[in-house]
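Novice: Dropping a structure here in structure tokens format, bear with me for questions.
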Amino acid sequence: MEASVTATADSFEVVAKGIYLEGLTVDYARDIVWYSDVIAGGIHGVRRDGSKTAVLNPERKWTGGVMMNEDGAVLSSGAGGIMWNNPDTGASGWLISEVDGKPINGINEMVADGSGGIYCGTVDIEKIEKGETVRPASIYRVTADREVIIVAEGLGFANGIMRSPDGRHLYYNDTFDATYVFDIAGDLSLANRRQLLSKEDCDGMALDGEGNLWITGYRSGEITRMRPDGSLLPPVPTPAGGITQVRFGGSDMREFYLTSVTADAGDTLKVGGVPTEQLSFLYRGRSDTPGMRLAPPRFRLG
């Protein structure tokens with residue numbers, strides 16, 4: 001069956017807005033969408049109709065990745081490492097805040113590794129805030145027991161990251177360059193990196209139920225769709241100027257949510273500028289093809 005999407009740019013609904021929306025996850029159990037605003041701060045929870053449910057870590061900025069833990073806690077990356085928040089109890093803490101005894105500059109996107117832990121990419125928040133060239137990024141694996149293992153280094157700007165349905169490949173976006181894929185070995189290490197798509201503004205990433213990649217671009221008003229072999233599928237038009245992330249949800253996994261920014265917002269951040277107006281939106285669309293349901297990691301928290 002060929003993947004298909006009938007969404008048009010005028011078929012989306014605005015669910016929420018902010019200054020620069022980035023991190024995004026769907027809380028299947030609570031039927032809530034959690035998204036971050038990297039400039040205004042916080043992780044915001046909304047229902048599909050836009051009604052607000054909670055704000056976690058309201059003062060924390062630069063949260064680039066959000067995902068669910070198996071126990072219902074919300075994991076969030078950013079400056080200092082990865083935090084967790086339990087929306088039901090109000091409890092919170094750090095999943096990881098250092099590597100080899102050294103404080104973490106920043107973590108960006110995350111994805112479950114299939115064995116209870118996660119893969120995550122680093123981000124140079126210190127340099128981003130100054131509008132300077134970022135230092136090389138790395139990808140780490142954080143085991144279910146919170147051991148931190150480096151699995152790739154010397155990367156450009158590690159961003160959107162996904163694991164293939166069969167667990168054999170790890171895809172990631174190297175922003176300002178291209179989309180790449182690694183082979184995942186039996187011990188969950190990574191090898192044989194190769195390029196799938198040249199796209200300088202590649203940002204967020206999701207997989208649909210057929211294993212196809214949905215790739216967003218912070219300057220792109222449409223979502224690029226690509227088969228695992230790198231061949232392109234028709235893109236998804238949206239009303240956005242640029243798109244930072246995309247996630248699937250809904251009872252049939254055919255709803256998809258995207259965080260949008262203006263087409264120049266990402267380049268403004270790159271040179272140290274700070275957007276101030278609420279021109280960033282969380283949109284909801286619908287696809288004929290269901291998305292891949294994301295399995296959560298199984299960290300023991302609290």
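Novice: Mind scanning LYS199/LYS270; LYS17/LYS270; LYS52/LYS270; LYS102/LYS199; LYS17/LYS61; LYS52/LYS199 and naming the pairs with a C-alpha gap bigger than 25 Å?
Specialist: Pairs exceeding the cut-off: LYS52/LYS270; LYS102/LYS199; LYS52/LYS199.
Novice: How large is the helix-only mean residue ellipticity at 222 nm for the chain, computed as the sum of -39500 (n - 2.57) over DSSP H runs with n ≥ 4, divided by its residue count, in deg cm²/dmol to the nearest 500?
Specialist: -1000 deg cm²/dmol
Novice: Full extension from ALA29 to ARG47: what is 0.36 nm times the residue separation minus their Cα-Cα distance, to one decimal in nm?
Specialist: Values: separation 18, 0.36 × 18 = 6.48 nm, distance 1.20 nm.
Once the chain is fully extended between ALA29 and ARG47, it gains 5.3 nm.
Novice: Along the charge dipole of region 13-286, Cβ charges K/R +1 and D/E -1, which of PRO237, MET226, ILE125 sits furthest on the positive end?
Specialist: PRO237
Novice: Taking only Cα atoms and a 10 Å spring cutoff, compute GNM fluctuations for the chain and point out the largest among ALA191, ALA29, ALA144.
Specialist: The residue with the greatest mean-square fluctuation here is ALA29.
Novice: Below 8 Å between Cα atoms, with a sequence gap of 6+, how large is the relative contact order for the chain in percent? Before the final figure, lay out each step's value.
Specialist: Numbers: 885 pairs, mean separation 57.4, N = 302.
Here the relative contact order equals 19 percent.
Novice: Quick one: length gained pulling ILE150 to ASP264 fully straight, 0.36 nm per residue minus the C-alpha distance? Mind dumping the intermediate values first?
Specialist: Details: separation 114, 0.36 × 114 = 41.04 nm, distance 3.34 nm.
Separation in residues times 0.36 nm, less the Cα-Cα distance, equals 37.7 nm.
Novice: Something else about it: With springs only between Cα atoms under 10 Å, which of ASP49, ASP183, ASP208 fluctuates most in a Gaussian network model of the chain?
Specialist: Judging by the Gaussian network model, the answer is ASP49.
Novice: Compute the length gained on full extension between GLN195 and GLU126: take 0.36 nm times their separation in residues and subtract their Cα-Cα distance, giving the result in nm to one decimal.
Specialist: Residue separation times 0.36 nm, minus the Cα-Cα distance, leaves 22.1 nm.
Novice: Dipole of the chain, Cα-centred, from +1 at each Lys and Arg C-beta and -1 at each Asp and Glu C-beta, to the nearest 20 debye? Please report the intermediate quantities before stating the final value.
Specialist: Working: 29 positive and 41 negative charges, 48 e Å.
Dipole size: approximately 240 debye.
Novice: Among VAL142, VAL134, VAL74, whose mean-square fluctuation peaks in a Gaussian network model of the chain (Cα, cutoff 10 Å)?
Specialist: Highest fluctuation of the listed residues: VAL134.
Novice: Next question, about the same structure. Rounded, prolate or oblate, given the Cα gyration tensor of region 222-286, with a/c below 1.5 counting as rounded?
Specialist: oblate
Novice: Give the Debye-formula value of log10 I(q)/I(0) at each listed q (0.13, 0.16, 0.23 Å⁻¹), with one equal scatterer per alpha carbon of region 20-86, two decimals each.
Specialist: -0.29, -0.44, -0.91
Novice: Once Lys and Arg get +1 and Asp and Glu get -1 on their Cβ, which of GLY114, MET68, PRO136 lies farthest toward the positive end of the dipole of region 13-286?
Specialist: So the residue we want is MET68.
Novice: Is the shape of region 13-286 best called rounded, prolate or oblate, per the rule: a/c under 1.5 gives rounded, else a/b larger than b/c gives prolate, else oblate, with a ≥ b ≥ c the square roots of the Cα gyration tensor eigenvalues?
Specialist: Rounded, because the longest to shortest axis ratio a/c is under 1.5.
FYI, it's all coordinate maths here, none of it is from the lab. The model shown is predicted, which means the values in this text are computed figures rather than measured ones. When we count neighbours, we look across all protein chains shown, and the Cβ atoms used for this are built from the backbone with ideal geometry, even at glycine.
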